[in-house]
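Read the structure below first, then the notes.
None of the figures in this text is laboratory data; all of them are computed from the coordinates on show. Keep in mind that what you see is a predicted model, and the values were worked out from it rather than measured. Heads up, the Cβs are rebuilt from the backbone with ideal geometry, glycines too, and the neighbour counts pull from every protein chain shown.
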Amino acid sequence: MGWAIALHGGAGDIPVSLPAERRQPREDALHYCLQIGVEALKAGNPVLDVVELVVRELENNPHFNAGRGSVLTCNGEVEMEASIMDGNTKNCGAVSGLKTVVNAISLARLVMEKTPHIYLAFDGAEAFAREQGVETVDSSYFVTPENIERLKQAKEANRTQLDYTEPTSKAVNNKNLTSNGDSQG
Amino acid sequence: TVGCVAVDNDGNLASATSTGGFVNKMRGRIGDTPVIGAGTYANKLCAVSATGRGEAIIKGTVARDVAALMEFKGLSLKDAAAYAVDSVPKGTAGLIAVSATGEVTMPFNTMGMFRACATEDGYEEIGIWPD
């Protein structure tokens, strides 16, 4: 028995030809967040604190689809969601439909620890965030130029896209659509 | 989507997941991330965080299935996670998981998954595509 940690920054149709300028920042962020988690475990921090800490770092990085860098709905807005769970107690908390909360994962933990519920969504979750005094910002903080472009392309193709679908022309997008409507990039 | 799972030296486990969903989703759409047992789960055996197409992960109860396969069928973490990921349509899911005994696994059936892990014995891995 010993400590262990794993983290992810999303799955999808990530082409092997992914340009270095798009790959390297994400690899660097993974390395950075892994080291943060390892150090926290070595320091004896509670494991729930460790996973929250690491996910907060990932949320704050615009290269990942969570927090800053969240992809956009068909209306060009962010609707973020998060959840956290403690294995010993099976206590858990979850949030959906957030538009202004900087770190959704921390609000999910507050749902777990400060309410009799396990899941708050949309207006109720936003109101709870303000009650708890968590950091909120104008929703423009979460929107990146890359995700504006991705939404434009998805709308042109009339399709949804998983994480990391490569930007392609409308014609190529249509060629690569699968039967369930996902662009495979 | 991003996620983290961890186990400490005493076997305490936790899981966390956060996401913006997917591009051009309808307003009000809820994915697997906040649905406990779908994209996030932890008990005394393992901790799991999933990523991919939320609808497939919800229908497959992917995260809970990993724990259930360990609990009821006695599978190892690696085998349980592989089974759960193989049980949903190709191209829709990936997950990271750790067990109470310090095992780590990171299977996916998509083209790639940004992932990283480390264990107390010095093993460290950062990857995107299959080995």
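Principal-axis analysis of the Cα atoms of chain A puts helix A:20-42 at an angle of about 10° to the longest axis.
Angle of helix B:77-86 to the longest C-alpha principal axis of chain B, folded into 0 to 90 degrees and rounded to 10: 20°. When the P(r) of the protein assembly as shown is calculated, the portion above 30 Å amounts to 24% of the C-alpha pairs.
Set the Förster distance to 22 Å, then compute FRET efficiency between A:Glu77 and A:Gln24 from the Cβ-Cβ distance, nearest 0.05. So, using R0 = 22 Å, E works out to roughly 0.15.
Here the Debye sum runs over all C-alpha atoms of the stretch A:1-145 as equal scatterers in vacuum, and log10 of I(q)/I(0) at q = 0.12, 0.19 Å⁻¹ comes out as -0.53, -1.20.
With a cut-off of 17 Å on the backbone N, the residues of the stretch B:102-120 near the modelled label site 7 Å out from B:Asp10 along Cα-Cβ are B:102. By other beta-carbon atoms within 10 Å, ranking B:Asp32, A:Asp13, A:Asp49, A:Asp123 with the fewest at the front produces A:Asp123, A:Asp49, A:Asp13, B:Asp32. Against chain A, whose longest principal axis comes from its Cα atoms, helix A:145-157 is set at around 50 degrees.
Taking label points 7 Å from Cα along the Cα-to-Cβ direction, B:Met26 and A:Lys152 give a separation of 2.7 nm. Across peptide A:70-80, the average count of Cβ atoms from other chains found within 10 Å of a residue's Cβ is 5. A Förster radius of 25 Å combined with the Cβ-Cβ distance from A:Tyr32 to B:Lys78 puts the calculated FRET efficiency at roughly 0.40.
For chain B, what is one quarter of the convex hull surface built on the Cα atoms, given in nm²?
So the mean shadow area of the Cα hull is 7.6 nm².
For the segment B:104-115, counting C-beta atoms of other chains within 10 Å of every residue's C-beta and taking the mean gives 6. With a 10 Å cut-off around each Cβ of A:34-42, the average count of Cβ atoms from other chains is 4.
Taking the helices alone, chain B has a mean residue ellipticity at 222 nm of -6000 deg cm²/dmol, built from -39,500 (n - 2.57) per DSSP H run of at least 4 residues and averaged over all its residues.
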